[in-house]
Amino acid sequence: MSASTHSQASPAARGKCEAIDLLGKVSLIDGHWQQRVIAEMNDYQFKVAKLLGEFVWHQHSDTDETFIVLDGELRIDFRGSPQGDGSIVLRAGQMAVVPKGVEHKPWAQGEVKLLLIEPRGVVNTGDGATSERTVANDQWI
């Protein structure tokens, strides 16, 4: 079974005191929008993913979410942000924080390799109903 569909238990070290090859971890994921945990810090998880195409509009009412682009170009559309509606484009080496409660939709015209930072237990499709894009939490790679 591929790494992207096989859940692995949380490793004892949880990524601490070890070098983690971010792009190497991303390369182990077969599908798109299938984020996987690579490390934890306190109650936060570091997750890698490959993205392609449009995601769903969603929001996280209780937490901010950090997007760090490792490779490719990611557009994030916003509704209801403090700066109003709009979008930003992130390229490799750039990051953005989506504030809690801001509705957003990531979109990748070409494949994007990404690092996400968010609290443990956050549902990737937000506060609403689950969909075919909802990924089970705590899947380590």
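Being over 19 Å from Glu132 (Cβ atoms), among the aliphatic types (A, V, I, L, M) and surrounded by 15 or more Cβ atoms within 10 Å (Cβ to Cβ) holds for only one residue in Val56, Val97, Val48, Val89, and it is Val48. Of the residues screened, Val123 is not one that is within 15 Å of His32 (Cβ to Cβ), surrounded by 14 or more Cβ atoms within 10 Å (Cβ to Cβ) and either hydroxyl-bearing (Ser, Thr, Tyr) or touching a Ser or Thr at 6+ places or on another chain (Cβ under 9 Å) (or both). Here the stretch 102-141 is the region considered, the condition is being of a type in the set (Lys, Arg) and out of contact with any Phe, Trp or Tyr (no Cβ under 6 Å at 6 or more places or on another chain), and the residue that is nearest to Leu51 (Cα to Cα) is Lys113. Where strands (runs of 3 or more DSSP E) fall wholly inside the stretch 39-141, the ranges with 3 or more residues that are farther than 26 Å from Ala13 by Cβ and either in contact with a strand residue (DSSP E or B) (Cβ under 8 Å, 6 or more places away or on another chain) or without any contact (Cβ under 8 Å) to a residue 24 or more places away in the chain (or both) are 44-54, 73-81, 84-91, 95-98, 103-119.
Here, each number is a calculation from the coordinates, and none is a lab measurement. Note that the structure is a prediction, hence the values are computed from the model and not measured. Because the Cβ atoms are built from the backbone with ideal geometry, glycine has one as well, and the counts that use them run over all protein chains shown.
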